[in-house]
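Report on the structure given below.
The values are calculated or read from the model by the stated rules, or taken from the named source; none is laboratory data. Not measured: the values here are computed from a predicted model. As a convention, Cβ positions derive from the backbone with ideal geometry for all residues, glycine included, and neighbour counts pool all protein chains shown.
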Amino acid sequence: MEVAIIGIGMHPFGRTEGVSGLEQGAYAVRAALKDAGVEWKNVQFAFGGSTDAGAADTLVNNLGLTGLQFINVSNGCATGGSALISAFTSITSGAWELGVAVGFDKHPRGAFAVDPEAMGIGKWYGDVGLALTTQFFGMKIQKYMHDHNITEDSLVRVAVKNFHNGSLNPNAWRKRALSYEEIAGSPMLAHPLRQYMFCSPGEGAAALVLCNAKKAKQYASNPIYLKSAVVKTRLYGSFEVFSPCQASKQAPSPTVQASQAAYAMAGIGPEDIDIAQIQDTESGAEIMHMSENGLCKDGEQEEMLKRGETEISGRLPINTDGGCMANGEPIGASGLRQVCEICLQLRGQAGRRQVPKRLKTGYTHVYGAPGLSAVTILQK
Amino acid sequence: MGVYPGIKETGFYQLRHILSYENNRENTSRLKKNYHFKEHAMPNKQIPIQDGLFTWPSDNPRLIGSKCGHCGEVTFPAQKSCAACCFQDSENIELSREGKLWTWTIQGFPPKSPPYARPETPETFVPYGVGYVELPEGVRVETRLTQNDPEKLKIGMTMQLVIEKFAEDDQGNELMSFFFKPVEEGG
């Protein structure tokens, strides 16, 4: 069975006082149902996830108690992608024909709080000040820049691009484009990464309605087809967050594995990708993920960014809605936000941030602690 | 140009100047000497932040890792089973004291407490180095560094293990943890 996306919906990302994460999730589901012309009572299954805003399956209290199959998903920053993959396989297996994937979150202010013991590491790790995701990102990009001649200029350009794209996105949190100087002059949080190179934990919700592709045209004139959806966890030897040690023989990251499996499943290669939304937890992550997802060779990013190849007007637009940097990172929602953006772009409905060139194939990628990645490939 | 040019302009945290970790440590040592003069009947105990991370008490402390009897992979901290080959055939080993800096960063803002065991304010916080040191046993250990100046940290430089006081507990005992310091510094 093939899978089609026939409806998309989002709640505005960023701080919304007085609206809980669950309410934002319900809002996104209702918007997606309306977009698809589908009623909740006909939805056969749902997968949903949230890290901080409650159990997704309690959304039935808001949406309607129909007795449907509703399963919660929890995979760190890859939660949204994992919810989607679960929905994908429900349809490809023939188990169900019409379902929903939803993700939402409402994180408290400040950096993500981490409980090392919940991650299987001793309490000492947090005691001595090692349990911070920001350190991992600083260390990973530090090594990458050293090995592949990437300079701070590239880190700044990624942030300039994503905040600029966010200023064109009415749904984004950060709608003010930041200048090169503002970003390059912001305080150093985890050398070489400065404050305005990081996304912040935030709020938001996104939802999709999916169906058996054979029935797609009954619902939508412009269905988008999920050519592949893959989740992979880390292999021994890959450099992951919250690792008190690493092996000296490095293995490819879960992103590399998920990416390769997704291309194989879709029967295409990176050269066929017209537009991509890839995890930009911070500037360095977007840069490294470009090569880990096969979109360029290690080190090419510096020239690509100088030439503007990843701008909305460029050869390979990346993070056209502003990414995690401009939208914030509500963990449960981000993977689905990326898919919504690809759908909007492929449908030609992205408004001021519409990519001008002809689009056929889009790509989404998320990466989450403690080391897993979800990738989808979409086509119209 | 300062190391952290943004701080004075944005007031991100109100530090008047950046203290190096070495200076701060000397200040702490002087305080400790005064404390001993007054409380000479009750010497402070030095307690590891976590049992089993390193040999202690010791004049030549070592990190304690484990080596898999089946595939030979080395892990830190010590584990009973091997994540590389899934066998449960691991034994504890003491790791070398010197290695190469594989990567590094500087923690630039006070970590949330809990879990951070040192209560800090933006005024008291001193940025600290964090890195991975590759040891001859074929394992890279994540560690705090004694150096926090980005101009003085280079991938590939030789680093040496030191056990130092990290914090104090309620009884005034010193909580000890492991750090790596650059060898070229001369102490």
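Quick notes on this structure:
- Pairs, first at positive phi in segment A:64-85, second β-branched (Val, Ile, Thr) and surrounded by 24 or more Cβ atoms within 10 Å (Cβ to Cβ), C-beta under 8 Å, six or more apart: A:Gly76/A:Ile331
- The selection criterion, being more than 9 Å from chain A (Cβ to nearest Cβ) and within 16 Å of the chain's Cα centre (by Cα), does not hold for B:Val141.
- Filter pass, A:Asp52 being in a loop (DSSP other than H, G, I, E, B), touching a strand residue (DSSP E or B) at 6+ places or on another chain (Cβ under 7 Å) and acidic (Asp, Glu): yes
- Boolean, A:Tyr225 is away from every other protein chain (no Cβ under 14 Å), more than 21 Å from the chain's Cα centre (by Cα) and of a type in the set (Phe, Trp, Tyr): no
- Just one of the listed residues (A:Arg358, A:Arg337, A:Arg315, A:Arg352) is assigned to a helix (DSSP H, G or I) and surrounded by fewer than 19 Cβ atoms within 10 Å (Cβ to Cβ), namely A:Arg352.
- Of all residues making up segment A:192-216, the number that are of a type in the set (D, E, K, R) and either under 17 Å from the mean Cα position of the chain (by Cα) or crowded, with 24+ Cβ neighbours inside 10 Å (or both): 2
- Condition check for A:Gly81: part of a helix (DSSP H, G or I), surrounded by 24 or more Cβ atoms within 10 Å (Cβ to Cβ) and touching a Leu at 6+ places or on another chain (Cβ under 6 Å): no
- Scanning segment B:63-102 for residues that are under 23 Å from B:Phe178 (Cα atoms), in a loop (DSSP other than H, G, I, E, B) and of a type in the set (Gly, Ala, Ser), we see that the one that is nearest to the other protein chains (Cβ to nearest Cβ) is B:Ala78.
- Residue list for segment A:179-222, filter: within 14 Å of another protein chain (Cβ to nearest Cβ), assigned to a helix (DSSP H, G or I) and touching a residue at least 40 places away in the same chain (Cβ under 8 Å): A:Met197
- Residue list for segment A:129-178, restricted to those being surrounded by fewer than 17 Cβ atoms within 10 Å (Cβ to Cβ), within 14 Å of another protein chain (Cβ to nearest Cβ) and either in a loop (DSSP other than H, G, I, E, B) or at positive phi (or both): A:Asn149
- For segment A:303-310, the criterion of being within 18 Å of A:Gly362 (Cα to Cα) and in contact (Cβ under 8 Å) with a residue 24 or more places away in the chain is met by at least one residue.
- Single unsatisfied condition, A:Val60 versus (1) over 19 Å from the mean Cα position of the chain (by Cα); (2) assigned to a helix (DSSP H, G or I); (3) more than 12 Å from A:Ala26 (Cα to Cα): (3)
- In segment A:229-245 there is no residue matching the filter, namely being acidic (Asp, Glu), modelled with pLDDT of 95 or more and not in a strand (DSSP E or B).
- Some residue of segment B:129-149 being outside any loop (DSSP other than H, G, I, E, B), farther than 26 Å from A:Tyr144 by Cα, among the hydrophobic types (A, V, I, L, M, F, W, C) and out of contact with any Asp or Glu (no Cβ under 9 Å at 6 or more places or on another chain): no
- Taken together, the criteria exclude A:Ser253 from residues that are within 14 Å of chain B (Cβ to nearest Cβ), under 27 Å from B:Lys100 (Cα atoms), touching a Ser or Thr at 6+ places or on another chain (Cβ under 9 Å) and hydroxyl-bearing (Ser, Thr, Tyr).
- Top-ranked residue in segment A:256-273 [being in a loop (DSSP other than H, G, I, E, B) and more than 20 Å from A:Glu286 (Cβ to Cβ); ranked as nearest to the other protein chains (Cβ to nearest Cβ)]: A:Gly269
- Residue, farthest from the other protein chains (Cβ to nearest Cβ), within segment B:103-114, restricted to residues that are under 29 Å from B:Ile155 (Cα atoms) and in a loop (DSSP other than H, G, I, E, B): B:Pro110
- Count of residues meeting criterion [part of a loop (DSSP other than H, G, I, E, B) and either within 10 Å of chain A (Cβ to nearest Cβ) or among the basic types (Lys, Arg) (or both)] in segment B:150-165: 4
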